[in-house]
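J.: Mind looking over this structure? Questions follow.
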Amino acid sequence: MIRKAVFDDIDRIEDTYNEHFEYEIEHEAFTVFKKGVYPTREDAEKAVNTGSLYIYEENSNIAGSMILDKVQPIEYSDIQWRKNCRKDEVMVIHLLMVRPAMSGKGIASSLIKYAVELAECNHCKVLRLDTGSQNIPAISLYKKAGFEIVATASKKVGDRIAHGNHLFLEKML
């Protein structure tokens, strides 16, 4: 089940972030995320406050989450997007994370499908996101979901982690 997160979910969401950090220490790292920098408990709390944090819950466990809203990061203004839209016609996935122990079960695809449906219900014309060029699993997932790579540029991930080879993707709705 996918639903909006509430404050009672914060500890469990933070656990998914920590599991991600531990996994990337033990295995190959595909993200540029840094424990204590981004994503953090404070990022989750802020997203709950704004009503933009959604969770995928299975058997009372949080298997994944995403931050989804109509706020485009500052770097998006420099991108040559395929479709020119008003700000209120664009939905953005800021952070999509699946608990490593739950990967490969279609959770990320379900979250993306939910984001598309929510964007369409909100009369958006496009869904946008960004990811690191080294994040091969995410890129593959997004392409399968119908996103197209529009540009490569620098970005501060989570407004904190500089990354020079970042991909910007867009899906027409």
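J.: Enumerate by residue number the GluC sites (Glu not before Pro) in segment 1-85 meeting two conditions: DSSP loop (anything except H, G, I, E, B), and at most 15 other Cβ atoms within 10 Å of the site's Cβ.
T.: Details: sites: 14, 19, 22, 24, 26, 28, 42, 45, 57, 58, 75; in loops: 28.
Sparse-neighbourhood loop GluC sites (Glu not before Pro): 28.
J.: Let me ask something else. Okay, helix-only estimate at 222 nm for the chain: each DSSP H run of n ≥ 4 adds -39500 (n - 2.57), divide by all residues, round to 500 deg cm²/dmol; what do you get? Can you show the working numbers first?
T.: Details: 4 runs with 51 residues, N = 173.
Helices in the chain give a 222 nm mean residue ellipticity of -9500 deg cm²/dmol.
J.: At 18 Å minimum axial length over the Cα atoms and a Kyte-Doolittle cut of 0.0, report the qualifying DSSP H helices in the chain, or say none.
T.: The answer, listed by residue number, is 107-121.
Each reported figure results from applying straightforward, stated rules to the coordinates on display, with no laboratory input. Please read all numbers here as calculations on a predicted model, not as lab measurements. Reconstructed Cβ throughout: ideal geometry from the backbone, glycine too, with neighbour counts over all protein chains shown.
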